[in-house]
Amino acid sequence: MKKKALFLDRDGTLIQHIPYLHRIEDIRLLLPVVTFARAYQERGYLPIMITNQSGVARGMFDEETVQHVNAHVCKLLAAEGVFMQACYYCPHHPTKATIQAYAVNCSCRKPLAGMLLQAAADFEIDLNQSIMLGDSQCDLDAGRAAGCQVIHVAALQTDQLILQAASESTFSQQKE
Ligand SMILES: [Zn+2]
């Protein structure tokens, strides 16, 4: 049977948005999202990070730095009981790149669905049963392009029903 995924944007969704974040000391988890991710993980969704990192193309930091930051985000999440299965990032930018190798019209940069499609192939994920959670239009567009349900992160702060559903799922899981 194919698996379900909860795809999560990084900056502005899993962690506070700081433009071109590249220092681990600037990382702050957004706790409503952590609660949400843990609840969906308990329901069998694989948490997978999907992030645009055009700072690489712009020469602001390198891919190793992106991987280092992502690993630290995963470590903080694991301490909260959320176990990220993989982190996909797009280092490209079609027009703003200062490093020629990254100045490409790639298929991975959101709003395109390339990273979600790659994850689906790598983990045998049913995209129609999966969710993309993000804070920007490009996240939602990428999710829709892949055939996922999409949720804007603002819904987690304003819609008590989602958090309530999350806490109920935790509760019923504990009872079983
Ligand atoms: Zn790309």
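The values are calculated or read from the model by the stated rules, or taken from the named source; none is laboratory data. Everything numeric here is computed off the predicted structure, so don't read it as measured data. Glycine also receives a Cβ, built like all others from the backbone with ideal geometry; neighbour counts cover every protein chain displayed. Quick note on the areas: whole protein, heavy atoms, side chains included, nothing else; ligands and nucleic acids left out. Shrake-Rupley method; radii C 1.70, N 1.55, O 1.52, S 1.80 Å.
Failed condition for LEU31, given (1) farther than 24 Å from CYS106 by Cα; (2) surrounded by 20 or more Cβ atoms within 10 Å (Cβ to Cβ), with all others met?
For LEU31, the failing item is (2).
What do you reckon, is VAL82 surrounded by 18 or more Cβ atoms within 10 Å (Cβ to Cβ), outside any loop (DSSP other than H, G, I, E, B) and more than 14 Å from the ligand (Cβ to nearest atom)?
Criteria not met by VAL82.
Between residues in region 103-118 that are closer than 16 Å to ALA5 by Cβ and part of a helix (DSSP H, G or I) and residues that are basic (Lys, Arg) and open to solvent by 30 Å² or more (accessible area, probe 1.4 Å), which pairs lie under 9 Å by C-beta distance while being six or more apart or on different chains?
Listed pairs, sorted by first residue: MET115/ARG109.
Yes/no matrix, rows are residues, columns are (1) within 29 Å of ASP126 (Cβ to Cβ); (2) in contact with a Leu (Cβ under 8 Å, 6 or more places away or on another chain); (3) among the charged types (D, E, K, R):
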position: HIS17; (1), (2), (3): no, no, no
position: TYR20; (1), (2), (3): no, no, no
position: ARG28; (1), (2), (3): no, no, yes
position: PHE36; (1), (2), (3): yes, yes, no
position: TYR45; (1), (2), (3): yes, yes, no
position: ILE50; (1), (2), (3): yes, yes, no
position: ARG58; (1), (2), (3): no, no, yes
position: GLU64; (1), (2), (3): no, no, yes
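Please determine, by comparing only the residues of region 35-54 that are surrounded by fewer than 21 Cβ atoms within 10 Å (Cβ to Cβ) and not polar (S, T, N, Q), which one is nearest to the chain's Cα centre (by Cα).
Step by step, filter region 35-54, then rank; the result is LEU46.
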